[in-house]
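Q: Pasting a structure here, questions to come.
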Amino acid sequence: MEGLSVADANLVVYLHPSKSRNVSQAILRELGSWLFKFNETFDGVLLAYDVNILDKKAEILSGVHPYFAAKLKANLLLFSPKPDMLIEGKVMKLCQESIHVIVLGFSSAIVTAENIRGELKYKNKDREELFASKSHKRHVIKVGTVIRFLVKSFDDEILHITGSLIPAHTGSIRWLDRNLEEISEFDRSATKSRDRESLGDKTNDDDIASNYQLYKEISCSQLVGNVATESPCR
């Protein structure tokens, strides 16, 4: 999934002298307070970390209120969704006006009706609300479906994402991954049609095909180890 990245960082954590008896525990508590919050320094939300404390004998800084400065080397898993990235989440609520999604178990997202392509039509079948494709009968989005959608904007204060299902390569991940070739052919045909209308602009099939590559999974278990108390992948 796009928006996920791994970064190496050299950090300095400042601790109160009252924490000097157990520096390691104090450091982990401080790092734990950063989890699932947007950090401007990292330009993303910290999901997990693996840390190596370089010097457990922290240096005391001079001043009115002296603090310990502990140096760390950390491996960080970050989530930083940007416009036009493809990300994934589970549908939690659905109605004719919008689809509500949860991403990575902590970030909420919404896809409103104006950002859902016309091919996906709202239906209320046997009291179950869903969006079904007019072109592909088995392509259905309902509560519980994991979808891939395009990021339009991200509010880093409340960790809320506004998304889009306009592109043809968005929708139910299960259906998309099983029908990759069919989607590519559909999108190529649509592109050629648009090209004819725009007086024959060239179609770049390589760029189209690249949009459907499966995302590289990141193993959270390798990053968290015995350090983080919570895992972002459930």
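Q: Would you check the accessible area of SER133, probe 1.4 Å, heavy atoms only, in square angstrom rounded to 10?
A: Rounded to the nearest 10, that gives 10 Å².
Q: How high is the FRET efficiency from THR41 to ARG127, r the C-beta distance, R0 45 Å, rounded to 0.05? Present the calculation step by step, with values, prior to reporting the outcome.
A: Details: r = 48 Å, r/R0 = 1.08.
The formula returns an efficiency of 0.40 here.
Q: Right, something else. Between LYS137 and ASP8, what is the label-point separation in nm under the 7 Å Cα-to-beta-carbon projection?
A: Calculated label separation equals 5.5 nm.
Q: Given the pairs LYS93/LYS134; LYS82/LYS134; LYS37/LYS142; LYS37/LYS71, which span a C-alpha to C-alpha distance of over 26 angstrom in this model? The partial results should precede the final answer.
A: Values: LYS93/LYS134 21 Å; LYS82/LYS134 30 Å; LYS37/LYS142 29 Å; LYS37/LYS71 22 Å.
Listed pairs above 26 Å: LYS82/LYS134; LYS37/LYS142.
Q: May I ask for the distance between the Cα centers of the range 13-29 and the range 77-106, given as a whole number of Å?
A: 36
Q: How much length would be gained if the chain were fully extended between ARG117 and SER98, taking 0.36 nm per residue of separation minus their Cα-Cα distance, in nm to one decimal?
A: Numbers: separation 19, 0.36 × 19 = 6.84 nm, distance 1.22 nm.
5.6 nm is the gain from fully extending ARG117 to SER98.
The values are calculated or read from the model by the stated rules, or taken from the named source; none is laboratory data. Quantities reported herein were computed from a predicted structural model and do not represent experimental measurements. Every residue, glycine as well, gets a Cβ built from its backbone with ideal geometry; the counts of neighbours run over all protein chains shown. When the accessible area is computed, the model is the full protein with side chains, heavy atoms only, and any ligands, DNA or RNA have been set aside. Shrake-Rupley method; radii C 1.70, N 1.55, O 1.52, S 1.80 Å.
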